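Peer 1: The following block contains the structure, expressed as structure tokens.
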Amino acid sequence: MKIVVDMDLCADHGQCVYAAPDVFQLDDNGKLVYKAEADESQRDLVEEAADVCPMQAISIED
Amino acid sequence: MTGAPAQRVVVAGASLGGLRAAEGLRAAGFTGEVVVVGDEPHMPYNRPPLSKEALAGDLAFSALEFRRRKSVDDVTWRLGSAVAEASLGTREVVLADGSVLPFDGLVVATGLRVRRLTLPAPEGGRHAVRTLEDAVALRADLRPGARVVVIGAGFIGCEVAATAVGLGCEVDVVAPEDVPMQRPLGPEVGAAMQRRHEAHGVRMHLGRLPAVVEARSTGADADPGRVGAVVLDDGTRLPADVVVEALGCVPNTEWLAATGLDIADGVRTDGWMRALDPEGRPRTDVVAVGDVARFPNALFDDVPRRVEHWSIPTDTAKRAAPALVAGLAGADPDPAPFAPMPSFWSDQYGARIQSFGSLGVADTVRVLEGDLDGEFVAGYERGGELVGVVGVGLMPSLMKLRAEMITALQPR
Ligand SMILES: Cc1cc2nc3c(=O)[nH]c(=O)nc-3n(C[C@H](O)[C@H](O)[C@H](O)COP(=O)(O)OP(=O)(O)OC[C@H]3O[C@@H](n4cnc5c(N)ncnc54)[C@H](O)[C@@H]3O)c2cc1C
Ligand code: SF4
């Protein structure tokens, strides 16, 4: 599963981190870092992360 | 098999709560028909940017539509049509155009609308911010140099003030409270927010209410149909090209008046988001989600409250949808307590105010880290127990406290 975050939109809310911590993290400066490729077993959590992103910056490309 | 194909769920309200409810019904295995009825002409879109990025012009109004899960591709959207009335006896809703939609299950997701001024006032130049059209219209009036009077100093009023300052407007804020955002944040943190606004040139008129809204009666651009000034209850006269009414919201529940449901302040529900009948018993065929729902959160207590946070429509829909599907199948819902961690943010002057937990139930506020005029974390305690946090910056500390609260606040 391929994950794309529109970094122009992302405003480092970190909500995705609570939903799918194995894929999304905030670094020491509070900036988003994420895995562009995740295992299929993460799909539900990544869908949830996309739901709760206040900027709706996350898309999942199959 | 949950939900026979012949069953239909009607979702009233096509915003965040309605969308998440439709997605939740599919996630819970409901294979029947889902019809979402919304009075706005748009597919569900994101409201928070309407007072921030989109109002400032940094984000296109056309970019606000929510991403939708593929599971709702087969959902029927009846947009631009309001639900006028619901009957639980016959299990049908009547739309404003007279059409009748029978249902097996009903999701109430009709949210809130802005409480408008009750004073007589000309229409031109008056604004509120709830819908896309509201924000587009306000944006057009926020020209550099425009004199903007914001009535109300809650989060939305304060965000509009900050955005208007950023656009080069001159801003006055009028509110009955002693400090901005007083009810959620408390006096100390609110006072710090007031200093931030004033440092950006906003004039705060607190403990005041508007007494008269005058039309633009003099000058080359005199126009009896446009606002010209707001006169406060102490006689202060604030010249105004634009008046923004941000005195809070009221639940959209009039269409439920004939149902007998408890709609005293939003739709009262149990911990499964099931609407309560006049005897206080949960209906198994009606749930409410999002801003319109008044529900108990087991993290804090059993008192039902309305919570106007963006996180709540998603949390409540995820709880309500499986409960409704269970109800339609004659089954009991998941016995686990409902205990979502509330989350709220507000962006003003490039600083983000982030909160977790329930500030409203706290009796004591303490600065835990930093300085209220810079980056800080404030702890909100009830009986010595941390029930909420608010911070500007210091995200790692906030995230740690959020995790600690989730562990400490066992569902009760
Ligand atoms: C300007 C603004 C800024 C915000 N900023 C933040 C923020 O920074 N952080 C945060 O946490 N939250 C914020 N919020 C709050 C957040 O947007 C709301 O909590 C969220 O929109 C609630 O979603 P909802 O679906 O429950 O209700 P709503 O979004 O109110 O949707 C209800 C829908 O139902 C429709 N409707 C009403 N009556 C009927 C009827 N009879 N028939 C059919 N349809 C009907 C309405 O037109 C609307 O489309 C903000 C809200 C606004 C308006
Ligand atoms: S939730 Fe959205 S805005 Fe926040 S860090 Fe994740 S992608 Fe960025």
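Peer 1: Being in contact with a strand residue (DSSP E or B) (Cβ under 7 Å, 6 or more places away or on another chain) and open to solvent by less than 30 Å² (accessible area, probe 1.4 Å) is the filter here, so list the residues in the range A:16-44 that pass it.
Peer 2: Correct list: A:Cys16, A:Val17, A:Val23, A:Phe24, A:Leu32, A:Ala38.
Peer 1: Among B:Glu85, B:Glu65, B:Glu92, which is the only one that is free of Cβ contacts under 8 Å to residues at least 40 places away in the same chain and farther than 30 Å from B:Arg143 by Cβ?
Peer 2: On the way: B:Glu85 fails: free of Cβ contacts under 8 Å to residues at least 40 places away in the same chain; B:Glu65 fails: farther than 30 Å from B:Arg143 by Cβ.
So the residue among B:Glu85, B:Glu65, B:Glu92 that is free of Cβ contacts under 8 Å to residues at least 40 places away in the same chain and farther than 30 Å from B:Arg143 by Cβ is B:Glu92.
Peer 1: Counting residues that are open to solvent by 10 Å² or more (accessible area, probe 1.4 Å) and either in contact with a helix residue (DSSP H, G or I) (Cβ under 9 Å, 6 or more places away or on another chain) or not aromatic (Phe, Trp, Tyr) (or both), which strands (runs of 3 or more DSSP E) fully inside the range B:145-248 reach at least 1? Spell out the reasoning first.
Peer 2: Numbers: elements: B:147-151, B:170-175, B:203-206, B:210-216, B:223-232, B:237-239, B:242-245.
Here the list reads B:147-151, B:170-175, B:203-206, B:210-216, B:223-232, B:237-239.
Peer 1: Would it be correct to say that B:Ala21 is closer than 21 Å to B:Leu132 by Cα, small (Gly, Ala, Ser), near ligand 1 (Cβ under 10 Å from one of its atoms) and crowded, with 19+ Cβ neighbours inside 10 Å?
Peer 2: Values: closer than 21 Å to B:Leu132 by Cα: no; small (Gly, Ala, Ser): yes; near ligand 1 (Cβ under 10 Å from one of its atoms): yes; crowded, with 19+ Cβ neighbours inside 10 Å: yes.
So B:Ala21 fails the test.
Peer 1: If you check B:Ala6, B:Ala21, B:Ala27, B:Ala60, which single one turns out to be within 13 Å of another protein chain (Cβ to nearest Cβ), away from ligand 2 (no atom under 16 Å from the Cβ) and modelled with pLDDT under 95?
Peer 2: Details: B:Ala6 fails: within 13 Å of another protein chain (Cβ to nearest Cβ); B:Ala21 fails: modelled with pLDDT under 95; B:Ala27 fails: modelled with pLDDT under 95.
Every option except B:Ala60 fails the conditions.
Peer 1: Return the total of residues in the range B:389-412 being free of Cβ contacts under 8 Å to residues at least 40 places away in the same chain and either open to solvent by less than 70 Å² (accessible area, probe 1.4 Å) or farther than 19 Å from A:Ala19 by Cα (or both).
Peer 2: Just the residues of the range B:389-412 that are free of Cβ contacts under 8 Å to residues at least 40 places away in the same chain, to begin with: B:389, B:391, B:394, B:396-397, B:399-400, B:403-404, B:407-408, B:410.
From what is left, the residues that are either open to solvent by less than 70 Å² (accessible area, probe 1.4 Å) or farther than 19 Å from A:Ala19 by Cα (or both) are B:389, B:391, B:394, B:397, B:399, B:403, B:408, B:410.
The number of residues fulfilling the criteria is 8.
Peer 1: Looking at the range B:286-339 only, could you name the residues that are within 14 Å of another protein chain (Cβ to nearest Cβ), under 23 Å from B:Gly248 (Cβ atoms) and of a type outside the set (Val, Ile, Thr)?
Peer 2: Within the range B:286-339, B:Gly290, B:His309, B:Trp310, B:Ser311, B:Pro313, B:Asp315 qualify.
Peer 1: What are the residues in the range B:69-80 that are outside any helix (DSSP H, G or I) and surrounded by fewer than 16 Cβ atoms within 10 Å (Cβ to Cβ), if any? Give the derivation first.
Peer 2: Keep residues of the range B:69-80 that are outside any helix (DSSP H, G or I), which gives B:69, B:73-80.
Scanning the range B:69-80 gives B:Asp73, B:Asp74, B:Thr76, B:Leu79, B:Gly80.
Peer 1: Moving to a separate point now. Under 9 Å between Cβ atoms, which residue pairs at least 6 apart in sequence (or on different chains) link something in the range A:40-60 that is closer than 23 Å to B:Gly290 by Cβ with a partner that is within 16 Å of ligand 1 (Cβ to nearest atom) and among the β-branched types (Val, Ile, Thr)?
Peer 2: What qualifies is A:Glu48/B:Thr314; A:Asp51/B:Thr314; A:Val52/B:Thr314.
Peer 1: A follow-up question, please. Hey, does the range B:48-58 have a residue that's in contact (Cβ under 8 Å) with a residue 60 or more places away in the chain and surrounded by fewer than 16 Cβ atoms within 10 Å (Cβ to Cβ)?
Peer 2: Checked against the condition, which is being in contact (Cβ under 8 Å) with a residue 60 or more places away in the chain and surrounded by fewer than 16 Cβ atoms within 10 Å (Cβ to Cβ), the range B:48-58 yields at least one hit.
Peer 1: Can you name every residue in the range B:347-367 that is outside any strand (DSSP E or B), over 26 Å from B:Ala54 (Cα atoms) and within 23 Å of the chain's Cα centre (by Cα)? Outline the logic, then answer.
Peer 2: Narrowing the range B:347-367 to residues outside any strand (DSSP E or B): B:349-350, B:358-363.
Restricting the remaining residues to those that are over 26 Å from B:Ala54 (Cα atoms) gives B:358-363.
The answer is B:Ser358, B:Leu359, B:Gly360, B:Val361, B:Ala362.
Peer 1: Could I ask something else about it? Quick one: would you say B:Ala298 is of a type in the set (A, V, I, L, M, F, W, C), more than 28 Å from B:Gly157 (Cβ to Cβ) and open to solvent by 10 Å² or more (accessible area, probe 1.4 Å)?
Peer 2: Values: of a type in the set (A, V, I, L, M, F, W, C): yes; more than 28 Å from B:Gly157 (Cβ to Cβ): yes; open to solvent by 10 Å² or more (accessible area, probe 1.4 Å): yes.
So B:Ala298 fits the description; yes.
Peer 1: Within the range B:360-383, can you find the residues that are out of contact with any Leu (no Cβ under 7 Å at 6 or more places or on another chain) and closer than 27 Å to B:Arg306 by Cβ?
Peer 2: B:Gly360, B:Val361, B:Ala362, B:Asp363, B:Thr364, B:Val365, B:Arg366, B:Glu381, B:Arg382, B:Gly383, listed by residue number.
Peer 1: Might you check whether a residue that is in a loop (DSSP other than H, G, I, E, B), modelled with pLDDT of 95 or more, within 13 Å of ligand 1 (Cβ to nearest atom) and closer than 25 Å to B:Arg8 by Cα occurs anywhere in the range B:263-270? Break it down into steps so the answer makes sense when it comes.
Peer 2: So the first thing to find is which residues in the range B:263-270 are in a loop (DSSP other than H, G, I, E, B), and the list is B:263, B:265, B:270.
Then drop every residue that is not modelled with pLDDT of 95 or more, which leaves B:263, B:265, B:270.
Next, only the ones that are within 13 Å of ligand 1 (Cβ to nearest atom) stay: B:263.
Checking which are closer than 25 Å to B:Arg8 by Cα leaves us with B:263.
Taking every residue of the range B:263-270 in turn, at least one turns out to be in a loop (DSSP other than H, G, I, E, B), modelled with pLDDT of 95 or more, within 13 Å of ligand 1 (Cβ to nearest atom) and closer than 25 Å to B:Arg8 by Cα.
Residue-by-condition table, conditions (1) in a loop (DSSP other than H, G, I, E, B); (2) of a type in the set (Asp, Glu); (3) over 24 Å from the mean Cα position of the chain (by Cα):
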{"site": "B:Glu369", "(1), (2), (3)": "no, yes, yes"}
{"site": "B:Asp373", "(1), (2), (3)": "yes, yes, yes"}
{"site": "B:Gly379", "(1), (2), (3)": "no, no, no"}
{"site": "B:Leu386", "(1), (2), (3)": "no, no, yes"}
{"site": "B:Val389", "(1), (2), (3)": "no, no, no"}
{"site": "B:Ser397", "(1), (2), (3)": "no, no, yes"}
{"site": "B:Lys400", "(1), (2), (3)": "no, no, yes"}
{"site": "B:Glu404", "(1), (2), (3)": "no, yes, yes"}
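Peer 1: Okay, moving on. Among the residues of the range B:7-31, how many are farther than 20 Å from B:Val94 by Cα and out of contact with any helix residue (DSSP H, G or I) (no Cβ under 7 Å at 6 or more places or on another chain)?
Peer 2: 2
Peer 1: Out of the range B:34-48, which residues are more than 14 Å from chain A (Cβ to nearest Cβ) and either closer than 15 Å to B:Val72 by Cβ or among the β-branched types (Val, Ile, Thr) (or both)?
Peer 2: From the range B:34-48, those more than 14 Å from chain A (Cβ to nearest Cβ) are B:34-42; that's our starting set.
Listed by number, the residues that qualify are B:Val34, B:Val35, B:Val36, B:Val37, B:Gly38.
Peer 1: How many of the residues in the range B:118-139 are assigned to a helix (DSSP H, G or I), small (Gly, Ala, Ser) and crowded, with 19+ Cβ neighbours inside 10 Å? First the steps, then the outcome.
Peer 2: If we filter the range B:118-139 for residues that are assigned to a helix (DSSP H, G or I), which is where we start, we get B:132-139.
Next, only the ones that are small (Gly, Ala, Ser) stay: B:135, B:137.
Next, from what is left, pick out any that are crowded, with 19+ Cβ neighbours inside 10 Å: B:135.
Residues flagged as assigned to a helix (DSSP H, G or I), small (Gly, Ala, Ser) and crowded, with 19+ Cβ neighbours inside 10 Å within the range B:118-139 amount to 1.
Peer 1: State yes or no: is B:Val72 within 14 Å of chain A (Cβ to nearest Cβ), more than 16 Å from ligand 2 (Cβ to nearest atom) and on the phi < 0 side of the Ramachandran plot?
Peer 2: Working: within 14 Å of chain A (Cβ to nearest Cβ): yes; more than 16 Å from ligand 2 (Cβ to nearest atom): yes; on the phi < 0 side of the Ramachandran plot: yes.
So B:Val72 passes the test.
The values are calculated or read from the model by the stated rules, or taken from the named source; none is laboratory data. This structure is a prediction, so every number in the text was calculated from the model and none was measured. Glycine gets a Cβ as well: all are built from the backbone with ideal geometry, and neighbour counts include every protein chain shown. Just the protein is used for accessible areas: all its heavy atoms, side chains included, with ligands, DNA and RNA removed. Shrake-Rupley method; radii C 1.70, N 1.55, O 1.52, S 1.80 Å.
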